[in-house]
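Presented below is the structure to which this report refers.
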Amino acid sequence: DAGITQSPRHKVTETGTPVTLRCHQTENHRYMYWYRQDPGHGLRLIHYSYGVKDTDKGEVSDGYSVSRSKTEDFLLTLESATSSQTSVYFCAISDAGGQARGTQYFGPGTRLLVL
Amino acid sequence: KQEVTQIPAALSVPEGENLVLNCSFTDSAIYNLQWFRQDPGKGLTSLLLIQSSQREQTSGRLNASLDKSSGRSTLYIAASQPGDSATYLCAVVGGGANNLFFGTGTRLTVIP
């Protein structure tokens, strides 16, 4: 299995509080992604990174920000959590991007409940 | 926007049966298509990746085909086993962006 860990694995928080999820990889892959998975919607891309300090928005980026200060770490921040952000969050990594995108490898996920 | 559909949403088969899972997408301008497996409460495991120039890929008992012109892919599982029980997801890369569009999956149950 690709070396990807996510922390925390489970979190319960209250509406309006900031939340940061961490993705850590040991594969030295250039590309990292954050997805959310919701019933009836499948997985949807939130943000992605194509290098240190290089990030871009995905399909559902509103209310989320990201940072990547090191190759191995990609942080997802909910500035002010809302109940609509209750979801399972997955991090993924890839050694290729753009038109030649290679296989994506996924972390175990973080279950977030916003009360 | 690319739409990816997987039908049926759930499928139950007896052990040993060969089966086909279907995936369709609305925009044929894709770069590649990937099949994943997801076990309950777990992350996704990549099964097969088919580049847009390819017609099929095989790995063990799995065979995935791609027909870009018709916007379809199939995942064939031979001699199904209870351990194959999981949700199978397909995803396509396209739209000129760094985006993977997922279907909502087919939940497969293989009955011993």
Quiz prompt | Average beta-carbon neighbours from other chains, 10 Å sphere, peptide B:37-46 | solution = 5
Exercise. First check a/c for segment B:34-112, with a ≥ b ≥ c the square roots of the eigenvalues of its C-alpha gyration tensor; if it is under 1.5, answer rounded, and if not, answer prolate when a/b is larger than b/c or oblate otherwise.
Key: oblate
Quiz item: When you look at the Cβ of every residue in A:103-110, what mean number of other chain Cβ atoms sits within 10 Å?
Solution: 5
Exercise. Would you please classify the overall shape of chain A from the alpha carbon gyration tensor, given that a ≥ b ≥ c denote the square roots of the eigenvalues, rounded means a/c under 1.5, and beyond that prolate means a/b larger than b/c while oblate covers the rest?
Key: prolate
Quiz item: Do you know the relative contact order of chain B, to the nearest whole percent, from alpha carbon pairs under 8 angstrom that are 6+ apart?
Solution: 38 percent
Quiz item: Across every pair of different alpha-carbon atoms, what Kirkwood hydrodynamic radius in Å does segment A:47-104 reach?
Solution: 12.7 Å
Quiz item: Roughly how many Å is it from the Cα centre of segment A:1-69 to that of segment B:67-112, as a whole number?
Solution: 23 Å
Practice problem: Would you mind working out the magnitude of the charge dipole of segment B:33-90 relative to its Cα centre, with +1 at each Lys and Arg C-beta and -1 at each Asp and Glu C-beta, to the nearest 20 Debye? | Solution: 80 debye
Practice problem: Please tell me which of these pairs span more than 31 angstrom C-alpha to C-alpha: A:Lys11/B:Lys68; A:Lys70/B:Lys42; A:Lys53/B:Lys68? | Solution: A:Lys11/B:Lys68; A:Lys53/B:Lys68
Practice problem: Run the dipole for segment A:1-106 about the Cα centre, Lys and Arg Cβ at +1, Asp and Glu Cβ at -1, nothing else charged, and hand back the magnitude in debye, nearest 20. | Solution: 60 debye
Quiz item: At a Förster distance of 35 Å, what's the computed FRET efficiency of A:Asp54 paired with B:Asn63, Cβ-Cβ distance as r, to 0.05?
Solution: 0.40
Self-check item: Net charge dipole size for chain B [Lys, Arg +1 and Asp, Glu -1 on Cβ; Debye, nearest 20]
Solution: 180 debye
Quiz item: So for segment B:1-63, taking the charge dipole from beta-carbon charges (+1 Lys/Arg, -1 Asp/Glu), which of B:Ala9, B:Leu33, B:Asn63 sits furthest toward the positive end?
Solution: B:Leu33
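Coordinate-derived values only; no laboratory data. Since this is a predicted model, take the numbers as computed values, not measurements. Every residue, glycine among them, receives a Cβ derived from its backbone with ideal geometry; neighbour counts consider all protein chains shown.
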